[in-house]
Amino acid sequence: MIDDLCDQRIWKDTAVAGLYCDFKTHQEQSATNMLGAILKQLITGEDIPANIRQAFRKAKMELGCRYLGLPELMKMLYCAIALIPEVFICIDALDESSPKHRLELLQSLQDILLQSPRTRVFLTGRAHVKDEIVKSFTEVVTVPVGPTTSDIKQYLASRLDRDTEADAMDDRLRADIMKKISGTISEM
């Protein structure tokens with residue numbers, strides 16, 4: 001999705017920022033860290049607005065070189081987004097973030113949307129985070145996406161074709177694997 005948005009972005013006045021939530025590092029992926037990564041993508045290059053540069057320096061001095069807090073970061077995000085006519089924020093695998101951080105992130109994204117109506121948020125995640133998303137935003141469009149049986153069979157066939165123990169499997173075992181796994185997954 002991010003690649004498609006970037007490819008279609010023919011105007012210089014559109015920004016696309018995105019990140020991927022990784023379960024392996026979900027404790028480090030706080031709302032502050034994730035929104036900081038988005039801010040960094042929105043203000044890359046030499047054109048860091050003076051008010052953001054000044055706010056960062058001020059916070060750095062006040063906090064004794066510690067990391068910025070969420071309120072300070074949100075102010076900077078509001079400033080950065082205000083300078084861009086259209087912003088897309090894409091967050092992939094939201095379900096991989098910790099519930100505590102996820103709720104704080106969703107609240108922050110809601111605040112951004114209220115402050116910046118030209119901003120669009122695109123989130124992906126497994127079905128169990130849908131209720132949290134719907135509760136956090138007034139306008140939500142959900143699109144369920146899942147593999148087809150054909151997709152599953154094609155993936156399984158490619159994995160079985162790369163099996164390093166080719167002699168350990170006959171046609172009957174292969175057929176049983178294809179039937180059992182594709183049937184089980186398509187029922188989910």
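What follows is calculated from the coordinates using simple rules that are stated; it is not laboratory data. Every value quoted in this text rests on a predicted model; they were computed, and no experiment measured them. When we count neighbours, we look across all protein chains shown, and the Cβ atoms used for this are built from the backbone with ideal geometry, even at glycine.
Taking percent of Cα pairs over 21 Å apart straight from the coordinates, which label in [x] 61; [y] 44; [z] 48 is the correct one? It is the one labelled [x]. With the simple model of a label 7 Å out from the Cα in the direction of the Cβ, K180 to Q110 spans 4.6 nm. Starting from the 7 Å offset along Cα-to-Cβ, what nm value, one decimal, do you get for the label separation of M61 and Q27? Rounded to a tenth, the inter-label distance reads 3.6 nm. A cut-off of 5 Å between modelled amide H atoms, ignoring neighbours fewer than 5 places along the same chain, links V16 with F88. Ordered by the number of other Cβ atoms lying within 10 Å of each residue's own Cβ, fewest first, R102, R120, R57 fall into the sequence R57, R120, R102. Spherically averaged projected area of the convex hull of Cα atoms, segment 138-188: 4.8 nm². Relative contact order of the chain: 23 percent, from C-alpha pairs under 8 Å at least 6 residues apart in sequence. Note on S150 and Q41: with the Förster distance fixed at 45 Å, the Cβ-Cβ geometry gives a FRET efficiency of about 0.80.
Using just its DSSP H runs of length 4 or more, each adding -39500 (n - 2.57), the chain gives a mean residue ellipticity at 222 nm of -16500 deg cm²/dmol after division by all residues. The slack between V140 and R118, meaning 0.36 nm per residue of separation minus the straight C-alpha distance, is 6.4 nm.
Taking other Cβ atoms within 10 Å as a rough exposure proxy, S30, S158, S97 sort from fewest to most as S158, S30, S97. Other residues with beta-carbon under 10 Å from the beta-carbon of V129 carry, at +1 per Lys or Arg and -1 per Asp or Glu, a net charge of -1. Calculate the FRET efficiency for L160 and Y20 from the Cβ-Cβ distance with a Förster distance of 41 Å, rounded to the nearest 0.05. Efficiency computed from Cβ-Cβ geometry: 0.90. The local environment of L39, defined by Cβ-Cβ distances under 13 Å, has a net charge of +2 under the rule Lys, Arg +1 and Asp, Glu -1.
Note on segment 97-188: Cα-Cα pairs beyond 17 Å make up 64% of the total pair count.
Projecting label points 7 angstrom from Cα along Cα→Cβ for D170 and N51 puts them 7.5 nm apart.
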